[in-house]
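Colleague: Next up is a structure, given as structure tokens.
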Amino acid sequence: MKPRKTETLAIVGSGSAAWTAAIYAARANLDPVVYEGEPMGTMLPGGQLMNTTEVENFPGVPEGITGPELMERMKQQALRFGVRVVSENVASVDLRQYPFLLRPNYSEEIEALAVIVATGAFAQWLGVPNEDRLAQMGGGVSACAVCDSALPIYRNQVLAVVGGGDTAMEEALYTTKFSSETVIIHRRDQFRASRVMQERVLKHPKIRVLWNKRVAEVLGYDHVTGVRLEDTGTGEVSELEVGGLFIAIGHKPNTAFLEGQLDLTPHGYIRVQPWRCATSIPGVFAAGDVMDDYYRQAVTAAGTGCMAALEAERWLAHRGVGEAPVLETAEAPVPAGDADEKAV
């Protein structure tokens, strides 16, 4: 049997967390390899920013930049430092053995002395006509009001937010900074959100709620002009004119390939130590939206990418790997019960 190639550090993902981790790891002489993924429907290498037309709040880019261009520039910066990129998804991993085993979709299996998981999360969409097309072309359909609602195309418009949880309440409240009116569309007759969030929304003078309504179709060609609604009780169809539509029905982290080998939060995100990127398995680190269900911003993802790379460098250095030549065999990982490594 042909021996597997052993990598010092494997990074799975290709968003701002992954590329930042790759840049830091490469500059630390860890010779990382990045599995950037491959297109699968609306999911593209580069993460959620690939569906964002304008990014105005990334530090150091005062003129603004498109999401795809920002991701390409991050990738090119990583390549400048010699990062190797494999344009495949990692189909599965075995984190119970050491070195860790990664099985890409097409190329040969590899072993890795440390792994950074930065596979992100994807927004859940309604799946109605015209939604995906307008979202991808920057036509006023978005899954992140905090990211997008300050853009000029949304200002002084009637904006709609779909959802009934805390995220939808937060998104709706945020849009009121820029909208002429914000309309929450909810398919039930009561919210799932916490009581305090409900009260803030229901008392807000710029917010009204359409109960027992679901979006059946997004209207508009170059830009959203409205939504076609269906009453969930009577089936009655109506239309609502809006200048922007924000889908806030949740995100799902890309963790299926881990097959339950890492501890996850109740919402399915990778559980890490507070203010750290260490997971429940020593030597495996997580960064970006796959471990963050709160901020979900490009800049915070990049920050955790930096953190994960620094933690991986330190972890490897403690085992004789890093600045010194890479060892052919590495010390087995510290048991999960170790006080310094144990995730909470």
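The values are calculated or read from the model by the stated rules, or taken from the named source; none is laboratory data. Worth saying up front: this structure is predicted, and the values here are computed from it rather than measured. Cβ coordinates were reconstructed from backbone atoms using ideal geometry, including for glycine residues, and neighbour counts include every protein chain displayed.
Colleague: For the stretch 222-233, name all the residues that are in contact with an Asp or Glu (Cβ under 9 Å, 6 or more places away or on another chain) and either part of a strand (DSSP E or B) or not assigned by TED's automatic domain parsing to the domain that holds GLU131 (or both).
Modeller: The answer is GLY226, VAL227, ARG228, LEU229, GLU230.
Colleague: Give the residues of the stretch 76-99 that are surrounded by 17 or more Cβ atoms within 10 Å (Cβ to Cβ) and in contact with a Pro (Cβ under 9 Å, 6 or more places away or on another chain), sorted by residue number. Please lay out each step first, then the result.
Modeller: Just the residues of the stretch 76-99 that are surrounded by 17 or more Cβ atoms within 10 Å (Cβ to Cβ), to begin with: 78, 83, 85-86, 89-90, 93, 95, 98-99.
Selection gives ALA78, VAL83, VAL86, ASN89, VAL90, TYR98.
Colleague: Also, quick follow-up: Can you pull out every residue in the stretch 1-33 that is outside any helix (DSSP H, G or I), of a type in the set (A, V, I, L, M, F, W, C) and touching a strand residue (DSSP E or B) at 6+ places or on another chain (Cβ under 6 Å)? I'd like the intermediate steps shown before the answer.
Modeller: Residues of the stretch 1-33 that are outside any helix (DSSP H, G or I), as a first pass: 1-15, 28-33.
If we keep only those that are of a type in the set (A, V, I, L, M, F, W, C) as well, we get 1, 9-12, 28, 30, 33.
Residues satisfying the conditions are LEU9, ALA10, ILE11, VAL12, LEU30, VAL33.
Colleague: Across the stretch 165-216, what is the number of residues that are part of a loop (DSSP other than H, G, I, E, B), crowded, with 21+ Cβ neighbours inside 10 Å and of a type in the set (S, T, N, Q)?
Modeller: Final tally of qualifying residues: 1.
Colleague: For the condition surrounded by 16 or more Cβ atoms within 10 Å (Cβ to Cβ) and not assigned by TED's automatic domain parsing to the domain that holds GLU171, what is the one hit in LEU240, LEU219, LEU264?
Modeller: On the way: LEU240 fails: not assigned by TED's automatic domain parsing to the domain that holds GLU171; LEU219 fails: not assigned by TED's automatic domain parsing to the domain that holds GLU171.
Selected residue: LEU264, the only one of LEU240, LEU219, LEU264 that is surrounded by 16 or more Cβ atoms within 10 Å (Cβ to Cβ) and not assigned by TED's automatic domain parsing to the domain that holds GLU171.
Colleague: Here is a further query. Return yes when ALA145 is within 19 Å of ASP222 (Cα to Cα), crowded, with 16+ Cβ neighbours inside 10 Å and small (Gly, Ala, Ser) and no when it is not.
Modeller: When the stated conditions are applied, ALA145 does not pass them.
Colleague: Here is a follow-up. Please verify whether the stretch 253-260 includes one or more residues that are touching a helix residue (DSSP H, G or I) at 6+ places or on another chain (Cβ under 7 Å) and of a type in the set (Val, Ile, Thr).
Modeller: Here is the first cut: in the stretch 253-260, the ones touching a helix residue (DSSP H, G or I) at 6+ places or on another chain (Cβ under 7 Å) are 253-255.
Still in the running and of a type in the set (Val, Ile, Thr): 255.
Yes, that holds for at least one residue.
Colleague: Against the condition outside the structural domain of GLY288 (by TED's automatic domain parsing), of a type in the set (A, V, I, L, M, F, W, C), modelled with pLDDT under 95 and in contact with a helix residue (DSSP H, G or I) (Cβ under 7 Å, 6 or more places away or on another chain), how does ALA145 come out, does it pass? Full working, then the answer.
Modeller: Numbers: outside the structural domain of GLY288 (by TED's automatic domain parsing): yes; of a type in the set (A, V, I, L, M, F, W, C): yes; modelled with pLDDT under 95: yes; in contact with a helix residue (DSSP H, G or I) (Cβ under 7 Å, 6 or more places away or on another chain): yes.
Yes.
Colleague: Turning to a different aspect of this structure: Could you tell me whether any residue of the stretch 83-103 is closer than 19 Å to ALA301 by Cα and outside any loop (DSSP other than H, G, I, E, B)?
Modeller: No.
Colleague: Looking at ALA287, ALA256, ALA302, which one is out of contact with any strand residue (DSSP E or B) (no Cβ under 8 Å at 6 or more places or on another chain), crowded, with 18+ Cβ neighbours inside 10 Å and at negative phi? Don't jump to the end; show me each part of the working.
Modeller: Numbers: ALA287 fails: out of contact with any strand residue (DSSP E or B) (no Cβ under 8 Å at 6 or more places or on another chain); ALA256 fails: crowded, with 18+ Cβ neighbours inside 10 Å.
Only one candidate passes the filter, namely ALA302.
Colleague: Can you name the residue in the stretch 235-263 that is within 15 Å of GLN48 (Cα to Cα) and in a loop (DSSP other than H, G, I, E, B) and, of all such residues, is farthest from the chain's Cα centre (by Cα)? Talk me through it step by step, then tell me what you get.
Modeller: Initial filter on the stretch 235-263 (within 15 Å of GLN48 (Cα to Cα)): 246-248, 250-254.
Those left that are additionally in a loop (DSSP other than H, G, I, E, B): 248, 250, 254.
Numbers: ALA248: 14, GLY250: 12, ASN254: 8 Å.
Checking each candidate, the answer is ALA248.
Colleague: Quick check on my filter: what residues within the stretch 103-142 are crowded, with 24+ Cβ neighbours inside 10 Å and on the phi < 0 side of the Ramachandran plot? It would help to see each step written out before you state the result.
Modeller: So the first thing to find is which residues in the stretch 103-142 are crowded, with 24+ Cβ neighbours inside 10 Å, and the list is 112-121, 140-142.
Answer for the stretch 103-142, where residues must be crowded, with 24+ Cβ neighbours inside 10 Å and on the phi < 0 side of the Ramachandran plot: ALA112, LEU113, ALA114, VAL115, ILE116, VAL117, ALA118, THR119, ALA121, VAL141, SER142.
Colleague: Check PRO205, PRO104, PRO129 and return the single one that is out of contact with any Pro (no Cβ under 6 Å at 6 or more places or on another chain) and either of a type in the set (A, V, I, L, M) or under 23 Å from ASN89 (Cα atoms) (or both). Lay out the reasoning, then the answer.
Modeller: Numbers: PRO205 fails: either of a type in the set (A, V, I, L, M) or under 23 Å from ASN89 (Cα atoms) (or both); PRO129 fails: either of a type in the set (A, V, I, L, M) or under 23 Å from ASN89 (Cα atoms) (or both).
Answer to the check: PRO104.
Colleague: Right, something else. In this structure, does VAL161 turn out to be touching a Phe, Trp or Tyr at 6+ places or on another chain (Cβ under 7 Å), in the same structural domain as GLY140 (by TED's automatic domain parsing), on the phi < 0 side of the Ramachandran plot and modelled with pLDDT of 95 or more? Give the derivation first.
Modeller: On the way: touching a Phe, Trp or Tyr at 6+ places or on another chain (Cβ under 7 Å): yes; in the same structural domain as GLY140 (by TED's automatic domain parsing): yes; on the phi < 0 side of the Ramachandran plot: yes; modelled with pLDDT of 95 or more: yes.
Answer is yes for this residue.
Colleague: Something else about it: Within the stretch 29-38, can one find any residue that is at pLDDT 95 or above, surrounded by fewer than 24 Cβ atoms within 10 Å (Cβ to Cβ) and within 21 Å of the chain's Cα centre (by Cα)?
Modeller: yes
Colleague: Now, a different point. Being small (Gly, Ala, Ser), buried (at least 22 other Cβ atoms within 10 Å of the Cβ), under 20 Å from the mean Cα position of the chain (by Cα) and within 27 Å of THR265 (Cα to Cα) narrows it down to one of GLY46, GLY67, so name that one.
Modeller: The unique qualifying residue is GLY46.
Colleague: Does any residue in the stretch 145-165 that is within 23 Å of GLU239 (Cβ to Cβ) come within less than 7 Å, Cβ to Cβ, of a residue that is acidic (Asp, Glu) and in a strand (DSSP E or B) six or more places away or on a different chain, and which pairs are these?
Modeller: Sorted first by the residue in the stretch 145-165, then by its partner, the pairs are VAL158/GLU181; VAL158/GLU241.
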